[in-house]
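For reference, the structure discussed in these notes is given below.
The values are calculated or read from the model by the stated rules, or taken from the named source; none is laboratory data. It should be emphasised that the depicted structure is a prediction, and the values quoted were computed from it without experimental measurement. All Cβ positions, even for glycine, are placed from backbone atoms using ideal geometry, and neighbour counts span all protein chains on display. Heavy atoms of the whole protein, side chains included, go into the accessibility calculation; ligands, DNA and RNA do not. Shrake-Rupley method; radii C 1.70, N 1.55, O 1.52, S 1.80 Å.
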Amino acid sequence: MKFRGKHAEERPQLQMTSMIDVVFLLLIFFILTFKIVELEGDFSIRMPIADASAGSMDDTELPIKLRLRASESGRLSSILLNDNDLGTDFGRLHAMILALVGNTGGPSTGEGPELEIDTDYNLRYEHVVDAITAVSGEKVGDRQVSLIEKLKFAPPRKP
Amino acid sequence: MRVTSKKPELVEADLTPMIDMVFQLIAFFMVLINFAQTEANDNVQLPSSVLVKPPEAPLDFPIVVHVGADGRIFVGGDTYTAETLGIRFRSELAVLSARSDLEISDATVIIRAHRDCAVGEVQEVIRVAQDLKLVNFALRVKEDLQ
């Protein structure tokens, strides 16, 4: 038998174009929706509404008073801890809390003194978070030492 | 002279390394994509603190409240004021009361306030929640990895 015209052996080819199209679309989707996730955490506050009978508590149960004053622009103008003026230095506030709480600081126990934060209405929120950070504890290496865990806010001072 | 006609051959690029890379990139973005960003709000830039850590266990009944720099309050995509926020809290509490396994003390109001907002706005949110017997609050801040 005679074979006419010998065809070269052809390799079967996959059609890649459509797959690459889809893959690039997926890639663009993921690049556009990508957002670096910032880690977030909470300062937990248990704050039931003030009870009318709460006025009868004795002096030992009175909370530590932290007063934060604001300038007209909302910047921190002074920190007062139990009426002691600490300027605007959160380091001093932390040292004072350390002196007040003493050696009771340690791992989280849920016990200890209570601190009431009384702020001007227009104070920027980040200053309050700085104050809460200063009174709540400190980071020693990888370990976290708790100081004051019970926090509450005084009623808002409406302008 | 005899001219032999030769079919021009198509030059084929080797696409294998490119496809490998593209699949690697897709896998990378797929792993990192976070569909649970529903809690975030573009109007809010959180303050930061070195003391906070991401919660280890999810809360039983979280109510996420966003407070923008201008004092606007956002809950679940709707905008409220301190006066109207109570309506939203009541509807959330109605959902809570329909669940037999939870009590009002299991609800936690997560406050995601902008770092430059007036703290009085945050206190107003707390006051409205307290009026409805909500007692647990969580001030959400960004973890500061110094």
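Some observations on this one:
- For the protein assembly as shown, the Kirkwood estimate of the hydrodynamic radius, built from every pair of different alpha carbons, is 23.5 Å.
- In sequence order, the range A:87-92 has phi-based couplings of x, 10, 9, 6, x, 5 Hz under the Karplus curve 6.51 cos²θ - 1.76 cosθ + 1.60, θ = phi - 60°, and Gly or Pro positions carry x.
- Per-atom-type breakdown for the protein assembly as shown gives carbon and sulfur 55% of the accessible area (1.4 Å probe, protein chains only).
- Filtered GluC sites (Glu not before Pro), the range A:117-159: DSSP coil and at most 14 other beta carbons within 10 Å: none
- What the Cα atoms of chain B give is an Rg and a Dmax of 26.6, 104 Å.
- In this view, the solvent-accessible surface of B:Ile73, computed with a 1.4 Å probe and all protein chains in place, comes to about 0 Å².
- Under 5 Å from the amide H of B:Thr108 lie the amide H atoms of B:Phe61, B:Ile63, each residue being 5 or more positions distant or on a separate chain, with H modelled from the backbone and absent for Pro and chain starts.
- Between 0 and 90 degrees, the angle of helix B:119-131 with respect to the longest Cα principal axis of chain B falls at about 60 degrees.
- For the range B:83-146, the alpha-carbon coordinates run over 43, 29, 14 Å along the three principal axes, in decreasing order.
- 12 Å beta-carbon shell around B:Ser48, net charge (K/R +1, D/E -1): -3
- Spatial separation of Cα centroids for the range B:118-146 and the range B:29-108, in angstrom: 10
- Simple label model, 7 Å out from Cα along Cβ direction - A:Asp85 to A:Glu38, nm: 3.4
- Karplus 3J(HN,Hα) series, Hz, for the range B:89-102 with 6.51 cos²θ - 1.76 cosθ + 1.60 (x for Gly, Pro): 4, 5, 5, 5, 5, 5, 5, 5, 5, 6, 9, 6, 7, 10
- Average partner coverage of B:126-139, which counts Cβ from other chains inside 10 Å: 4
- FRET efficiency, 1/(1 + (r/R0)^6) with R0 45 Å, evaluated for B:Leu145 and B:Asp20 via beta carbons: 0.85
- Mean Cα-pair separation over length for chain B, i.e. relative contact order, pairs under 8 Å, 6 or more apart, %: 30
- Taking label positions 7 Å along the Cα-Cβ direction at both A:Ile31 and A:Gln13, the computed distance is 2.7 nm, reported to one decimal.
- Positive-pole candidate from B:Pro54, B:Val119, B:Ile19, dipole of the range B:1-131, charges at beta carbon: B:Ile19
- Between 0 and 90 degrees, the angle of helix B:16-32 with respect to the longest Cα principal axis of chain B falls at about 0 degrees.
- Modelled label positions at A:Lys139 and B:Glu39, each set 7 Å beyond Cα in the direction of Cβ, lie 1.8 nm from each other.
- In this assembly, the B-A interface accounts for approximately 4700 Å² of buried accessible surface in total, computed with a 1.4 Å probe and without ligands, DNA or RNA.
- For A:Glu114, distant residues with modelled amide H under 5 Å away: A:Ile64
- Nearest-20 debye value, the protein assembly as shown charge dipole, Cβ charges on Lys, Arg, Asp, Glu: 1660
- Think of a 1.4 Å ball rolled over the protein heavy atoms: the range B:29-125 then has 50 Å² of accessible area per residue.
- Inter-chain shielding of B:107-118 (mean C-beta neighbours from other protein chains, 10 Å cut-off): 4
- Loop-resident GluC sites (Glu not before Pro) (DSSP state other than H, G, I, E or B) in the range B:77-146 with no more than 11 further Cβ atoms inside 10 Å of their Cβ: B:Glu83.
- Neighbouring Cβ atoms from other chains, within 10 Å of the Cβ of residues in B:41-50, number 4 on average.
- A:Tyr121 long-range amide H proximity, modeled H, under 5 Å: A:Arg157
- Across the options A:Leu115, A:Gln13, A:Phe29, the greatest Cα extent toward the positive end of the charge dipole of the protein assembly as shown (unit charges at beta carbon of Lys, Arg, Asp, Glu) belongs to A:Gln13.
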